[in-house]
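S.K.: This is the structure I have questions about; it appears just below.
What follows is calculated from the coordinates using simple rules that are stated; it is not laboratory data. Small disclaimer: the values here were computed from a predicted structure and weren't measured. Neighbour counts are summed over all protein chains in view; Cβ atoms, including those assigned to glycine, are modelled from backbone coordinates with ideal geometry.
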Amino acid sequence: MTLNSIGLNTKKTKVLAEELNQLLANFQLYYQNLRGIHWNIKGHAFFNLHVKFEELYTDANVKVDEIAERILTLGATPLHTFEDYTKAAKVPVGKNISKDEKAVELIVESLSELLKMERNILDIAGEANDEGTNAMMSDFITEQEKTVWMMKAWMGETV
């Protein structure tokens, strides 16, 4: 078994980096969706949602950077073209969404997809004994589960 400079199995980190790149691509799409709904939201909930969407896209932007830096830490290269992002897309693309409920539904659908990917990465990171990736995914999952709950509550639904 070959270990890299941070003490992880190189074969397992290669798989992790591929999964993290998938997550990175989808986070970029999620980020762009958030920018779009932030710009285009209309209606009585505008003031509250405009601010909330900015909060979410700012957070997503930070997470994009964290994911890319983790990929680099594992010895791989992060995806960085829109072509790569769209090829890896699992997150729904929101186009011209201006209605409050549609925007919130897009966020919930997107986070649900991201959570699936993160849980998969969490499993792989555990098998690779990669505490760095594991901790990052755990933090992401905790925050996003709460956001899903809040968005569903806003829509009058339960998780």
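S.K.: Stretched out fully, how many nm does the piece from HIS50 to GLU157 gain, at 0.36 nm a residue minus the Cα gap?
M.R.: That works out to 36.4 nm of additional length.
S.K.: Moving on to the next point. Given the DSSP H assignment, sum -39500 (n - 2.57) over each helix run of at least 4 residues in the chain and divide by its residue total; what's the result at 222 nm in deg cm²/dmol, nearest 500?
M.R.: Helix-only estimate at 222 nm: -26000 deg cm²/dmol.
S.K.: Check the straight Cα-Cα distances from LYS42 and name the lysines below 23 Å, setting aside those fewer than 8 residues away within the same chain.
M.R.: Leaving aside lysines fewer than 8 places away in the same chain, those within reach of LYS42 are LYS52, LYS95, LYS99, LYS102, LYS152.
S.K.: Quote the relative contact order of the chain in percent (integer), defining contacts as alpha-carbon pairs under 8 Å separated by 6+ residues.
M.R.: Computed over the chain, the figure is 28 percent.
S.K.: Between helix 131-154 and the chain, what is the angle of the helix's C-alpha long axis to the longest principal axis, kept within 0 to 90° and rounded to the nearest 10?
M.R.: 10
S.K.: Please check: in the Gaussian network model of the chain (C-alpha springs, under 10 Å), which one of GLU127, GLU118, GLU19 has the largest mean-square fluctuation.
M.R.: GLU127
S.K.: Let me ask something else about it. State to the nearest 20 debye the size of the charge dipole of the stretch 16-154 about its Cα centre, where the only charges are +1 on K and R beta carbons and -1 on D and E beta carbons.
M.R.: 740
S.K.: Enter the angle in degrees (range 0 to 90, nearest 10) between the Cα long axis of helix 100-127 and the first principal axis of the Cα atoms of the chain, meaning the one along which they spread out most.
M.R.: Approximately 10 degrees, to the nearest 10.
S.K.: Among ILE97, ILE121, ILE67, which one shows the biggest mean-square fluctuation in a GNM of the chain, springs joining Cα atoms closer than 10 Å?
M.R.: Among ILE97, ILE121, ILE67, the largest mean-square fluctuation in the Gaussian network model of the chain belongs to ILE97.
S.K.: Moving on. For the Cα atoms of the chain, what angle does the longest principal axis make with the long axis of helix 10-40, in degrees from 0 to 90, nearest 10?
M.R.: 10
S.K.: Can I ask one more? In whole Hz, with x marking every Gly and Pro, tabulate ³J(HN,Hα) for the stretch 57-69 from phi via Karplus 6.51 cos²θ - 1.76 cosθ + 1.60, θ = phi - 60°.
M.R.: Rounded to whole hertz, the list is 6, 5, 5, 4, 4, 5, 5, 4, 5, 5, 5, 4, 5.
S.K.: Please list 3J(HN,Hα) in residue order for the stretch 81-87, calculated via the Karplus relation 6.51 cos²θ - 1.76 cosθ + 1.60 where θ = phi - 60°; whole Hz, with x for glycine and proline.
M.R.: Each residue of the stretch 81-87 in turn: 10, 5, 4, 4, 5, 5, 5 Hz.
S.K.: A further question on this structure: If you rank LEU34, LEU115 by fewest surrounding Cβ atoms within 10 Å, what's the result?
M.R.: Details: LEU34 25, LEU115 16.
By the 10 Å Cβ count, ascending, the order reads LEU115, LEU34.
S.K.: Arrange the following residues from fewest to most other Cβ atoms within 10 Å of their Cβ: ARG70, ARG119, ARG35.
M.R.: Ranking ARG70, ARG119, ARG35 by Cβ neighbours within 10 Å, fewest first, gives ARG119, ARG35, ARG70.
S.K.: What does the highest-first list of 139-145, 1-7, 50-56 look like by mean Cβ count within 10 Å?
M.R.: The densest-packed peptide leads the list: 50-56, 139-145, 1-7.
S.K.: Within 10 Å of each residue's Cβ, count the other Cβ atoms and sort ASP100, ASP123 from fewest upward.
M.R.: ASP123, ASP100
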